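**Q** Below you will find the structure I want to go over with you.
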Amino acid sequence: MPRSKNNVAAKKRHNKVLQKARGNYAGRGKLYRTAVETVHKGLKYAYRDRRNKKRVFRSLWITRISAAAKMCDTNYSTLMNGLKKAGVNLNRKALADIAARDMTTFASLAKMAAAE
């Protein structure tokens, strides 16, 4: 029986990995063996950071709300507690957007929170 090689499938598999590794320095983007390591590590980072992204954005929103609250002579925790008691159902993303774009609306929300 003649020897059969898997050249077509192997070449396709190698090209898929090398395509993902494009843009990396030196052998990491050109040599299959090092490109495989680079791609695997990159995929691990991508998986991890899709989860971390949510934490980072929440932290950013809280920082923005806190800064705007200080401009309205209150602090973050008092503001959030007051808004909750006042029945204002705005999430942190929306509050941070209001704080960044429309300070007069945010100031009125802060007054509502202080009244409670």
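**Q** Starting from region 90-109, take each residue that is over 14 Å from residue 67 (Cα atoms) and part of a helix (DSSP H, G or I) and list its partners that are of a type in the set (A, V, I, L, M) and at pLDDT 95 or above, counting only C-beta distances under 6 angstrom and pairs at least six apart or across chains.
**A** 105/98
**Q** Still on this structure: Consider region 50-71. How many of its residues are among the aliphatic types (A, V, I, L, M) and loosely packed, with under 12 Cβ neighbours inside 10 Å?
**A** Qualifying residue count, region 50-71: 1.
**Q** Let me ask something else about it. Only one of these conditions is not met by residue 74: (1) assigned to a helix (DSSP H, G or I); (2) of a type outside the set (Gly, Ala, Ser); (3) surrounded by 11 or more Cβ atoms within 10 Å (Cβ to Cβ). Which number is it?
**A** Residue 74 satisfies every listed condition except (1).
**Q** Continuing with the same structure: Can you find a residue that is modelled with pLDDT of 95 or more and among the polar types (S, T, N, Q) anywhere in region 2-14?
**A** no
**Q** Among the listed residues 51, 13, 3, which satisfies the condition of being at negative phi and under 22 Å from the mean Cα position of the chain (by Cα)?
**A** 51
**Q** In addition: Applying the selection to region 77-91, what residues are surrounded by fewer than 18 Cβ atoms within 10 Å (Cβ to Cβ) and either closer than 18 Å to residue 115 by Cβ or touching a helix residue (DSSP H, G or I) at 6+ places or on another chain (Cβ under 7 Å) (or both)?
**A** 77, 78, 81, 84, 85, 86, 87, 88, 89, 90
**Q** Select, from 45, 25, the only residue that is part of a helix (DSSP H, G or I) and surrounded by fewer than 13 Cβ atoms within 10 Å (Cβ to Cβ).
**A** Result: 45 is the single residue among 45, 25 that is part of a helix (DSSP H, G or I) and surrounded by fewer than 13 Cβ atoms within 10 Å (Cβ to Cβ).
**Q** When the residues of region 1-22 are narrowed to those that are part of a helix (DSSP H, G or I) and of a type in the set (A, V, I, L, M), which ends up surrounded by the most Cβ atoms within 10 Å (Cβ to Cβ)?
**A** 18
The values are calculated or read from the model by the stated rules, or taken from the named source; none is laboratory data. The structure displayed is predicted, hence computed values, not measured ones. Backbone-built Cβ (ideal geometry, glycine too); neighbour counts: all protein chains shown.
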